[in-house]
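Q: Take this structure, written in structure tokens, and hold onto it; I'll ask about it next.
Just so it is clear, none of the values below were taken in a lab; they were calculated from the coordinates. Keep in mind it's a predicted model, so treat the numbers as computed, not measured. Here Cβ is always computed from backbone atoms with ideal geometry, including for glycine, and neighbour counts include all displayed protein chains.
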Amino acid sequence: MARVAVVTGGTRGIGEAISVALKDAGYTVAANYAGNDERARDFTSRTGIKAYKWDVADFDACVAGIKQVEGELGPVDVIVNNAGITRDATMKKMNRTAWDEVLDTNLGGCYNMCKAAWDGMLDRKFGRIVNIGSINGQAGQYGQVNYAAAKSGIHGFTKALGQEGAKAGITVNAIAPGYIDTDMVAAVPPEVLAKIVARIPVGRLGHASEIARGVLFLVADEGGFITGSTMSINGGQHMY
Ligand code: CAA
């Protein structure tokens, strides 16, 4: 039977590319999303991939969401924690809400989703978890103390949980994307973005499909010896 994969933030941007790549590789995919019903409906009609609405920052919603997916599609073997938001501002202007929302979604979402699926993975002695970090969690980024802290936290989370899952056949890895041509990056002020692109040795933004390719590699059944690692896919912008 096909393995079941849940992709958070799976109907747009990098998440959409991951959902589609997993489906094309034979996985049964559940694409989670939080808010944009119209984009989710459009995504499902284009791809045939079922979309599930819940907020990854809400622990009870994650438990209920995993339960629903398992009831409809089968046990969850693969989780891709991709859902992420930005609330960019310099420290001077960043309020506590902007801090909490980014930490709760980007980092708290990883805990919530992994916790909800963990016991099942332990029982079945198989799991593949990929957490989407960021170059900005590795190197920091002006105007992103919240986002950089959350993404940096994801990299520590990955290494710790990788140790816990190892004996049970569960691998936990991260991908640290650089600047990818998604809506999130399009929201960066153009003059700021131009300076960032000028620092990318490959000379362009990345494509979401280039992140999806890394996910496919990490979730493969043959990937049992790769755990706790971070794959940087950033056009050479930060060699970590
Ligand atoms: N380094 C040093 N100084 C910087 C700087 C930088 N990277 N960016 C801005 N500044 C300076 C400006 O030159 C300016 O200085 P002066 O006042 O002396 O002129 C000052 O900081 C204020 O700059 P802004 O006018 O831009 O201030 P703002 O308050 O309107 O906005 C900001 C600040 C929110 C940080 C804005 O510059 C911004 O959005 N930057 C982009 C942040 C970014 O890269 N986010 C990534 C989003 S994509 C993503 O996160 C995906 C991923 O994983 C890669």
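Q: Counting other C-beta atoms within 10 Å, and keeping those with at most 11, which DSSP coil trypsin sites (Lys or Arg not before Pro) do you find in the range 82-116?
A: Those that pass, being in a loop and sparsely packed, are Lys92, Lys93.
Q: Which net charge results when you count Lys and Arg as +1 and Asp and Glu as -1 among the other residues whose beta-carbon is under 14 Å from that of Thr230?
A: +2
Q: Further question: Just grab the label-to-label distance for Tyr142 and Lys159, each label 7 Å out from Cα along the Cβ direction, in nm (one decimal).
A: Each label point is offset 7 Å from its Cα along the Cβ direction, giving 2.8 nm.
Q: Would you list, by chain and number, the lysines whose Cα falls below 22 Å from the Cα of Lys125, excluding same-chain residues fewer than 8 positions away?
A: Within reach: Lys67, Lys115, Lys159, Lys167.
Q: When the chain is fully extended, how far beyond the present Cα-Cα distance does Ala64 get from Met239, taking 0.36 nm per residue of separation?
A: Working it through step by step, the gained length comes to 59.1 nm.
Q: Moving on. The chain: percent of C-alpha pairs farther apart than 27 Å?
A: 29
Q: What distance in nm separates the simple spin-label points at Lys125 and Lys50, each placed 7 Å from Cα in the Cβ direction?
A: It is 2.9 nm.
Q: If you don't mind, another one. Please find, in a Gaussian network model of the chain (springs between Cα atoms separated by less than 10 Å), the residue of Val69, Val56, Val80 whose mean-square fluctuation is greatest.
A: Fluctuation is largest for Val69.
Q: Quickly work out the Asp100-to-Glu72 label distance, labels modelled 7 Å from Cα along the C-beta direction, and quote it in nm with one decimal.
A: Reported label-point gap for Glu72 and Asp100 is 3.1 nm.
Q: Another question about this same structure. Pop the C-beta distance of Phe225 and Asp42 into the FRET formula with R0 = 30 Å and round what comes out to the nearest 0.05.
A: 0.15
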